[in-house]
């Protein structure tokens with residue numbers, strides 16, 4: 001079997017399959033533990049990033065809905081509903097992500113302002129500095145913020 005550490009650098013899929021076979025055969029001492037642990041940590045981070053990315057899009061569309069009501073479109077509504085659905089799906093598959101929701105909102109909000117500003121042409125200062133929506137509102141199927149005129 002090739003050196004797994006080198007294989008990790010040159011052919012990720014082959015490295016993955018080799019480690020998978022070692023696990024299936026209970027050959028634990030042969031595993032590339034350093035990279036294996038790294039990959040497991042990355043899997044957890046990936047779920048959190050996915051949550052944050054979806055939150056950026058959802059918050060941006062909620063801001064657009066509220067601050068540019070004359071341009072409300074079915075695609076905005078569709079995007080809001082889709083992001084909520086995907087966030088809830090992530091939480092259903094990984095309930096342990098739920099405690100990260102406040103951080104996800106906090107970290108996503110500045111990017112959501114940036115995105116909403118670019119997509120609407122509104123100055124970033126039009127939007128509140130901190131998110132005014134509760135997590136319950138953000139995820140509620142029937143919540144669409146009242147328009148600011």
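The values are calculated or read from the model by the stated rules, or taken from the named source; none is laboratory data. As the structure is a prediction and not an experimental result, all values here were calculated from the model. Positions of Cβ are generated from backbone atoms using ideal geometry, with glycine treated the same way; all protein chains shown enter the neighbour counts.
Brief remarks on what is shown
- Test: residue in region 13-32 that is free of Cβ contacts under 8 Å to residues at least 60 places away in the same chain and under 19 Å from the mean Cα position of the chain (by Cα): no
- Residues in region 66-86 that are surrounded by 16 or more Cβ atoms within 10 Å (Cβ to Cβ) and farther than 19 Å from residue 147 by Cβ: 83, 84, 86.
Every residue, every condition in (1) surrounded by 16 or more Cβ atoms within 10 Å (Cβ to Cβ); (2) out of contact with any helix residue (DSSP H, G or I) (no Cβ under 6 Å at 6 or more places or on another chain); (3) within 17 Å of residue 136 (Cα to Cα), yes or no:
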| position | (1), (2), (3) |
| --- | --- |
| 61 | yes, no, yes |
| 64 | yes, no, no |
| 88 | no, yes, yes |
| 91 | yes, no, yes |
| 104 | yes, no, yes |
| 111 | yes, no, no |
| 121 | no, yes, no |
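- Boolean, residue 99 is surrounded by fewer than 12 Cβ atoms within 10 Å (Cβ to Cβ), under 19 Å from the mean Cα position of the chain (by Cα) and over 30 Å from residue 8 (Cα atoms): yes
- Flag not set for residue 44, criterion: at positive phi and surrounded by fewer than 13 Cβ atoms within 10 Å (Cβ to Cβ).
- Residue 2 satisfies every condition listed in (1) exposed (fewer than 12 other Cβ atoms within 10 Å of the Cβ); (2) assigned to a helix (DSSP H, G or I); (3) over 27 Å from the mean Cα position of the chain (by Cα); (4) at pLDDT below 90 except (2).
- Each residue in region 134-146 was checked for being under 18 Å from the mean Cα position of the chain (by Cα) and in a loop (DSSP other than H, G, I, E, B), and 2 pass.
- Test: residue in region 127-136 that is closer than 20 Å to residue 47 by Cα and in contact with a helix residue (DSSP H, G or I) (Cβ under 7 Å, 6 or more places away or on another chain): yes
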